[in-house]
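Asker: Starting off with a structure, shown below.
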Amino acid sequence: MTTEPGWSPSSERPPLDEAALRAWAGAPGSGWRELRVVDETGSTNDDLAAAARSGEAAGLVLVSEWQRGGHGRLGRSWTAPPRSGLTFSVLLRPTRPPAALGWLPLLAGLAVVDGVEEVAELRLGLKWPNDVLHDERKLAGLLAERVQDAVVVGIGLNVSLRADELPVQGATSLALAGRPGLDRSVLLTAVLGRLAAWVARWEAGDDQGTRSAYRSRCLTIGRTVRADQPGGQAVSGTAVDVDADGRLVVETTSGPVAVAAADVRHLR
Ligand code: BT5
């Protein structure tokens, strides 16, 4: 549907190269089973959650050029103009125990950091648990949702958004970070390739490797933070580590507290 407001001419924002992406995903060694591209949908996470409930096998990637109702955690929205970025989800069926699943958004963050660095030579950092930052601004958001024994991992990455298109203050895009004109199809395969590799390492039990990679890219460790947990309880102190289950360890006045899910603010 190119009649919706916000769709730019193809010359300005070219569509993804669907044929090349499908061929890439279907080739042996991609780490994925199948990749589908749609022009628009409500939310790629919601679509794959429904697919998971219907018994879809692991390894499906769904990419949408635009989302009508893209979302983050706690009912918050993810918005971006058509073809201005990458909005996609992957369907995983992890074999690791539930306590380890907190690693999945963190691995998605590592995949974005690695993939963008590979294609754009831009150094990024991770704000625990689900933001990718450039220069303290949010470049990408990650959302892992459990659906029965499956996990849907969604990634929104801002590619060509201009300053006047940013949905919130404190956001950025690769173009605004000094990397205009990137090929989104190339970026997508770079991120998906890295994601498959990180998930395979994690499934194989390489907890040391994944944890040390995450720590080295995590901007939250060492910062004074306030972590608001679901249910209203807040934890304040210095973030000192990410533990074996991917939880943020905050040193408070009454000792260390491990936080499993929270909204974190970097205070200093
Ligand atoms: C996230 O949530 O950051 C996870 C976002 C995941 C989006 C992907 S897109 C593909 C897949 N399908 C979906 O429906 N979702 C996933 P959270 O930490 O709750 O942050 C949400 C907040 O990010 C919003 O309240 C805004 O403040 C901000 N935000 C919204 N759109 C943004 C954008 N394009 N760039 C930067 N920040 C944005």
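Asker: Residue under question is residue 225, and the condition is that it be within 16 Å of the ligand (Cβ to nearest atom), surrounded by 18 or more Cβ atoms within 10 Å (Cβ to Cβ), more than 21 Å from the chain's Cα centre (by Cα) and not in a loop (DSSP other than H, G, I, E, B); does it hold?
Answerer: Against the criterion (within 16 Å of the ligand (Cβ to nearest atom), surrounded by 18 or more Cβ atoms within 10 Å (Cβ to Cβ), more than 21 Å from the chain's Cα centre (by Cα) and not in a loop (DSSP other than H, G, I, E, B)), residue 225 qualifies.
Asker: Does at least one position in segment 184-197 carry a residue that is surrounded by fewer than 22 Cβ atoms within 10 Å (Cβ to Cβ), basic (Lys, Arg) and either in contact with a His (Cβ under 6 Å, 6 or more places away or on another chain) or in the same structural domain as residue 99 (by TED's automatic domain parsing) (or both)?
Answerer: So far as segment 184-197 goes, no, none of its residues is surrounded by fewer than 22 Cβ atoms within 10 Å (Cβ to Cβ), basic (Lys, Arg) and either in contact with a His (Cβ under 6 Å, 6 or more places away or on another chain) or in the same structural domain as residue 99 (by TED's automatic domain parsing) (or both).
Asker: Next question. How about segment 198-216: which of its residues are closer than 16 Å to residue 129 by Cβ and crowded, with 18+ Cβ neighbours inside 10 Å?
Answerer: 198, 202, 210, 211, 213, 214
Asker: I need every pair where a residue in segment 35-55 that is within 13 Å of the ligand (Cβ to nearest atom) has its Cβ under 8 Å from the Cβ of a residue that is modelled with pLDDT under 95 and not in a helix (DSSP H, G or I), sequence separation at least 6 or different chains.
Answerer: Between residues of segment 35-55 that are within 13 Å of the ligand (Cβ to nearest atom) and residues that are modelled with pLDDT under 95 and not in a helix (DSSP H, G or I), the close pairs are 40/1; 40/4.
Asker: If a residue must be of a type in the set (Gly, Ala, Ser) and part of a helix (DSSP H, G or I), how many such residues does segment 169-186 contain? Walk me through how you get there before you give the answer.
Answerer: Kept after step one, since they are of a type in the set (Gly, Ala, Ser), are these residues of segment 169-186: 170-171, 173, 175, 177-178, 181, 185.
Narrowing further to those that are part of a helix (DSSP H, G or I): 185.
Looking only at that region, the number is 1.
Asker: I need the full set of residues from segment 228-268 which are hydrophobic (A, V, I, L, M, F, W, C), within 16 Å of the ligand (Cβ to nearest atom) and not in a loop (DSSP other than H, G, I, E, B), in order please.
Answerer: Within segment 228-268, 248, 259, 264 qualify.
Asker: Still on this model: If residue 99 satisfies all but one of (1) surrounded by fewer than 17 Cβ atoms within 10 Å (Cβ to Cβ); (2) more than 8 Å from the ligand (Cβ to nearest atom); (3) under 12 Å from the mean Cα position of the chain (by Cα), what's the number of the condition it fails?
Answerer: Against the list (1) surrounded by fewer than 17 Cβ atoms within 10 Å (Cβ to Cβ); (2) more than 8 Å from the ligand (Cβ to nearest atom); (3) under 12 Å from the mean Cα position of the chain (by Cα), residue 99 comes up short only on (3).
Asker: Here's a follow-up. Going by the structure shown, is residue 126 touching a residue at least 60 places away in the same chain (Cβ under 8 Å), farther than 17 Å from residue 193 by Cβ, in contact with a Gly (Cβ under 6 Å, 6 or more places away or on another chain) and more than 10 Å from the ligand (Cβ to nearest atom)?
Answerer: Yes.
Asker: Against the conditions (1) surrounded by 15 or more Cβ atoms within 10 Å (Cβ to Cβ); (2) not assigned by TED's automatic domain parsing to the domain that holds residue 79, where does residue 160 fall short? Just the number, please.
Answerer: Looking at each condition in turn, residue 160 falls short on (2).
Asker: Which number in (1) modelled with pLDDT under 95; (2) part of a helix (DSSP H, G or I) marks the one condition that residue 190 misses?
Answerer: It fails just one condition, (1).
Asker: Taking the condition surrounded by 24 or more Cβ atoms within 10 Å (Cβ to Cβ), more than 22 Å from residue 228 (Cβ to Cβ), more than 9 Å from the ligand (Cβ to nearest atom) and not hydrophobic (A, V, I, L, M, F, W, C), does residue 85 pass?
Answerer: no
The values are calculated or read from the model by the stated rules, or taken from the named source; none is laboratory data. Given the structure is predicted, the values throughout are model-derived calculations rather than measurements. Here the Cβ is made from the backbone with ideal geometry for all residues, glycine too, and neighbour counts use every protein chain on show.
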